[in-house]
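K.L.:
Here's a structure for you.
Just so you know, all these numbers are worked out from the coordinates, no wet-lab data involved. Treat the numbers as computed from the prediction; the structure is a model and nothing was measured. Cβ sites come from the backbone with ideal geometry, for glycine too, and all protein chains shown count toward neighbours.
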Amino acid sequence: QEEHPWCPVAPCPRVKKPRPARMTKTFSDSGDKAEHVKITSRQKPGFLGRLSETSGGMLIGLVVFSLSFYVHFTNEGRAVKTAASLDEGLSIVVSLDTVNRVEPQNEGRLVHLSGVLSTSKPLNDPNYGISIECVKLKRQVEMYQWIEYEDS
């Protein structure tokens, strides 16, 4: 064994033939530099090993594929119910000619009306000092709180 300044391993094991171990290291000299080559080998899995690896994936794939049919048919069933509800509403809706008059025979029925939406006085929020002419004013408050627990 000799020492070389370019070799990270001191002393540098310069071997001409690869060792017959599972992990083999060969060191060869090409000119003035030493080249370090690391060779690893792994046994190939047998037929049963490959079959067990692929059968797990196949089983998961079949379960997901079967589950997709359930999800698809459930979604289609909901779409059919929604379409039927909209068709039923369209068949029983009553269109109003005027929005200025309320007729008692339309009480509790599905009605359709169109007109200008307006309000007589502005809405205000006294906590924030906001006053605006609108039909609806909604305040949504979110609070984030840090809770600290201390043990001594």
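K.L.:
In the stretch 107-145, what residues are more than 38 Å from the chain's Cα centre (by Cα), exposed (fewer than 10 other Cβ atoms within 10 Å of the Cβ) and among the acidic types (D, E)?
P.N.:
E107
K.L.:
Quick one: L48 ticks every box in (1) surrounded by fewer than 10 Cβ atoms within 10 Å (Cβ to Cβ); (2) in contact with a strand residue (DSSP E or B) (Cβ under 9 Å, 6 or more places away or on another chain) bar one, so which box is it?
P.N.:
(2)
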